[in-house]
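The values are calculated or read from the model by the stated rules, or taken from the named source; none is laboratory data. Values in this document were obtained by computation on a predicted structure and should not be read as measured data. Here the Cβ positions follow ideal geometry from the backbone for every residue, glycine too, while neighbour counts run over all protein chains shown.
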């Protein structure tokens, strides 16, 4: 898995754990919703500043966004946050 894919899947994981839709997370972070989607699909080449910003928005350490364990769990999440787990 690439770093971009790891960060994307982990962003999705933590957003889901916080029971936030992409729209709600976009409103919270002031990122555009389309950018959240690009991040979560592993297509965003994020700066260190944005990695720190995402981590801070979830109150986690930045290195947790590189966890393969949670990234693999995120692959099993429903497509939509409002779906049952």
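Observations on the model:
- Here residue 59 meets the list (1) in contact with a helix residue (DSSP H, G or I) (Cβ under 7 Å, 6 or more places away or on another chain); (2) within 15 Å of residue 10 (Cβ to Cβ); (3) outside any helix (DSSP H, G or I) almost entirely, failing just condition (1).
- Filter result for residue 8 (surrounded by 14 or more Cβ atoms within 10 Å (Cβ to Cβ) and on the phi > 0 side of the Ramachandran plot): no
- Some residue of segment 65-73 being assigned to a helix (DSSP H, G or I) and more than 15 Å from residue 1 (Cβ to Cβ): no
- Per this entry, residue 53 is counted among residues that are surrounded by fewer than 18 Cβ atoms within 10 Å (Cβ to Cβ) and either within 9 Å of the chain's Cα centre (by Cα) or modelled with pLDDT of 95 or more (or both).
- Within segment 23-34, being out of contact with any helix residue (DSSP H, G or I) (no Cβ under 6 Å at 6 or more places or on another chain) and buried (at least 16 other Cβ atoms within 10 Å of the Cβ) holds for one residue alone: 31.
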